[in-house]
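Mind having a look at this structure? Questions to follow.
The values are calculated or read from the model by the stated rules, or taken from the named source; none is laboratory data. Everything quoted here is computed from the prediction, not taken from an experiment. Don't worry about glycine lacking a Cβ; one is built from the backbone with ideal geometry, like all the others, and counts go over all protein chains shown. Just so you know, the surface numbers come from the protein's heavy atoms only, side chains and all, with ligands and any DNA or RNA stripped out. Shrake-Rupley method; radii C 1.70, N 1.55, O 1.52, S 1.80 Å.
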Amino acid sequence: MMANNSGRLAAAVPPGGQDVELFACAAGRKAIGTLTFNNRARTNATISLAVTAGGAPVAADWMFEEMLMDAIPATVTGLVVGGGQKIYVRTSGFVGVTYNGAVTADT
């Protein structure tokens, strides 16, 4: 039996313009948390977020794409990811991304 995890589940500063797998939820588990984009540059950036069934993102997986972001952090609360699903992010600049929450058994 896997213990429950909570706190920071994933963090990255993705290279600009690349789809990056931020978090993969293990089979039989589920995660719920808050995803935050933090623009560390002095210029506007764009951000994209996808949740996939397990593979690389396709057009239908993107929750939002190329959303303009300034210096104010962008937050997605209550982001639920089930067993086998993955969170992908893409940014256009120097943007840090964190996913904080909890992983529990999927019952």
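Taking every alpha carbon pair in the stretch 14-107, what does the distance histogram look like in 10 angstrom bins from 0, in percent?
In order of increasing distance, the bins hold 18, 49, 27, 6, 0 percent.
Using a 1.4 Å probe on the protein chains only, how many percent of the accessible area of the stretch 1-97 belongs to carbon and sulfur? Walk me through the intermediate numbers first.
On the way: 2790 of 5180 Å².
Ligands and nucleic acids excluded, carbon and sulfur reach 54 percent.
Accessible area per residue, 1.4 Å probe, Å², for the chain: what's the number?
Averaged over the residues of the chain, the accessible area is 53 Å².
Starting from the Cα of Ala26, step 7 Å along the direction of its Cβ; do the same at Met63; then give the gap between the two resulting points in nm.
2.3 nm
Right, another one. Which residue, Ile32, Ile72, Ile87, tops the fluctuation ranking in a GNM of the chain built on C-alpha contacts under 10 Å?
Result for the chain, Cα springs under 10 Å: Ile72 fluctuates most.
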